[in-house]
Amino acid sequence: MAARLFNKGTHTKEWLAVPPTGTTLEFAEYSFHRVRDGRFYEMNYLIDAQAVQRQLGN
């Protein structure tokens, strides 16, 4: 199973080695889940870290 998610939030804690800035961030996230017997057994996520860092001014 796969999903494309859109995230929006305020940078209030250190993230990607950047101290909190109070900046509002928006970015896409892709999630991939493997299901066996009706249960998730593996979950992977992909975000564009460079896009986030650009929004944080890095």
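Some observations on this one:
- Contour excess over end-to-end distance, with Cα ends at LEU56 and VAL35 and 0.36 nm allotted per residue: 4.1 nm
- Loop sites in the chain: GluC sites (Glu not before Pro), DSSP, at most 13 other Cβ within 10 Å: GLU14
- Think of the chain as a dipole: +1 on every Lys or Arg Cβ, -1 on every Asp or Glu Cβ, centred on the Cα centre; then among TYR45, GLY9, GLY22, TYR45 lies furthest on the positive end.
- Taking other residues whose beta carbon is less than 14 angstrom from the beta carbon of ALA2, and scoring Lys, Arg as +1 and Asp, Glu as -1, yields 0.
- Here the mean projected area of the convex hull built on the C-alpha positions of the chain is 4.4 nm².
- Length gained on full extension, LEU25 to MET43, computed as 0.36 nm times the residue gap minus the Cα-Cα distance: 4.2 nm.
- Unit charges on C-beta of K, R, D, E only; dipole of the chain, Debye: 100
FYI, it's all coordinate maths here, none of it is from the lab. Please read these numbers as outputs of a predicted model, since none were measured by experiment. Every residue, glycine among them, receives a Cβ derived from its backbone with ideal geometry; neighbour counts consider all protein chains shown.
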